[in-house]
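Asks: Shown below is the structure under consideration.
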Amino acid sequence: MQHLVETQQFDRASLKRLFELATSLEDKRDESFKGKILASLFFASSTRTRLSFESAMMRLGGNVITVESGESSSQSKGETLEDSIKVVSQYADIIVMRHGEVGSATRAAAVSKVPVINAGDGNMGQHPTQALLDLYTIQRELKREDDIHVAVVGNLKYYRSPRSLAYLLSKYNGMRVTFISSPELRMEDDVKNHLKENNIPFIETEDMTEGIRDADVVYQTRIAKEWIKNDEEYEKQRGRYIITRDVADHMKEGAIIIHPLPRVGEIEEAVDASPHAVYFKQVGYGLIVRMALLKTMLTGKEI
Ligand code: CP
């Protein structure tokens with residue numbers, strides 16, 4: 001039995017396999033998982049990840065049971081995560097879990113009788129399925145796997161998705177990364193050390209105009225109010241890096257803007273009509289990547 005906890009589990013061949021399967025599932029539905037049950041345990045809030053996994057399971061003929069929040073589950077009575085997982089893994093064939101604590105997916109996997117998929121653990125943990133759909137979007141939109149310059153903008157410290165993506169980018173050749181943030185929200189050393197060890201050149205800058213000038217991918221992030229507890233600090237950071245239509249219009253031809261969403265003002269709505277904007281298309285790619293992941297993990301194949 002295999003769990004998905006972090007993106008370090010993938011290699012180039014397994015990513016290619018997964019993405020080819022995802023593409024083959026576009027606009028498809030089947031009954032392959034009739035009688036199978038997915039438990040979506042979202043002890044922390046979500047719209048896209050929970051609903052896209054549930055939609056993916058239903059499109060494959062399966063059923064879904066859900067915990068929508070910590071408050072609506074017995075976690076609010078003090079039940080440990082381990083006990084919750086020991087119980088739910090007797091009700092379902094696969095568990096998709098989001099939890100507010102870094103390391104929670106590893107703890108769940110250690111006691112589960114069925115595969116566990118990490119749908120986000122804490123603010124500085126990982127969000128592997130988001131990174132998979134981010135990478136799928138990049139490769140599909142740019143029509144190549146190598147020689148890509150990715151500029152990650154904004155909240156690099158308290159944002160698990162770019163952390164997970166960095167571990168995937170390092171599988172490819174000719175990649176470059178530009179981290180654009182204020183000094184307070186810089187990327188953590190573990191990710192930067194991983195890039196160094198894998199000979200992926202990166203720079204850190206506060207200058208968004210300069211940083212995105214040559215980028216093939218602009219990965220915008222949200223300044224997360226739920227993770228920056230100090231109101232003064234949040235107000236200071238919010239609004240510092242906004243992608244306006246003018247910023248988008250000065251991007252390189254063929255470059256794309258992606259964002260895990262939700263956005264809260266860091267990409268102006270006027271950008272939505274720009275040819276560079278692919279963040280809503282990215283949502284649709286997320287559905288087929290998650291269908292492909294369920295197809296792989298529920299049939300016991302290696303990811
Ligand atoms: N991108 C993402 O994880 O969105 P949700 O928080 O809505 O699941």
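Asks: Report the gain in length on full extension from D27 to K301: 0.36 nm times residue separation, minus Cα-Cα distance, nm rounded to one decimal.
Replies: Stretched out fully, the D27 to K301 stretch lengthens by 96.4 nm.
Asks: Can you sort R107, R29 by how many other beta carbons sit within 10 Å, fewest first?
Replies: The fewest-first ordering by Cβ neighbours comes to R29, R107.
Asks: What do you get for the angle between helix 128-142 and the principal long axis of the chain? Use alpha-carbon atoms, 0 to 90 degrees, nearest ten.
Replies: Tilt relative to the chain: about 50 degrees.
Asks: Distance in nm between label sites at R140 and E235, each 7 Å beyond Cα in the beta-carbon direction?
Replies: It works out to 4.2 nm between the two label points.
Asks: Please give the contour-minus-distance gain from S55 to K77: 0.36 nm per residue of separation, less the Cα-Cα distance, rounded to one decimal in nm.
Replies: That pair, S55 and K77, stretches by 5.0 nm at full extension.
Asks: Would you please name the GluC sites (Glu not before Pro) within the stretch 4-82 that are DSSP coil residues with at most 14 other C-beta atoms within 10 Å of their C-beta?
Replies: Counting only loop positions with at most 14 other Cβ atoms within 10 Å, the GluC sites (Glu not before Pro) in the stretch 4-82 are E26, E31, E68, E71, E79.
Asks: Here is the link list: K36/K301; K28/K301; K281/K301; K16/K143. Which ones come out longer than 19 Å on Cα distance?
Replies: K28/K301; K281/K301
Asks: Could you give the alpha-carbon Rg of the chain over 2.2 N^0.38 Å, rounded to two decimals?
Replies: Output field value: 0.98.
Asks: Send over the semi-axes of the stretch 99-252's equivalent ellipsoid, whole angstrom and largest first, taken as the square roots of 5 times the C-alpha gyration tensor eigenvalues.
Replies: Equivalent ellipsoid semi-axes, largest first: 26, 21, 14 Å.
Asks: Related question: For the stretch 176-281, which GluC sites (Glu not before Pro) pass both filters: DSSP loop (anything but H, G, I, E, B) and at most 10 other C-beta atoms within 10 Å?
Replies: Passing both the DSSP loop test and the Cβ count: E253.
Asks: Let me ask another. Find, among the trypsin sites (Lys or Arg not before Pro) in the stretch 130-196, those assigned to loop by DSSP (not H, G, I, E, B) with at most 16 other beta-carbon atoms within 10 angstrom.
Replies: When the trypsin sites (Lys or Arg not before Pro) of the stretch 130-196 are filtered for loop state and at most 16 Cβ neighbours within 10 Å, K143, R144, R186 remain.
Asks: Work out the length of the dipole vector of the chain about its Cα centre, built from +1 on the beta-carbon of each Lys and Arg and -1 on the beta-carbon of each Asp and Glu, and round it to the nearest 20 debye.
Replies: It works out to roughly 980 debye.
Asks: Per residue of the stretch 82-92, what does 6.51 cos²θ - 1.76 cosθ + 1.60 with θ = phi - 60° give for ³J(HN,Hα)? Whole Hz please, x for Gly and Pro, Karplus curve as stated.
Replies: 4, 5, 4, 5, 4, 6, 5, 6, 8, 9, 10
Asks: Now for a separate question. Evaluate E = 1/(1 + (r/R0)^6) for M1 and D249, where r is the Cβ-Cβ distance and R0 equals 41 Å; express this FRET efficiency to the nearest 0.05.
Replies: 0.25
Values in this text are rule-based calculations from the coordinates and carry no lab data. Fair warning: this is a prediction, and the values are worked out from it, not measured in the lab. For neighbour counting, all protein chains shown are included, and Cβ atoms are generated from backbone atoms with ideal geometry for every residue, glycine included.
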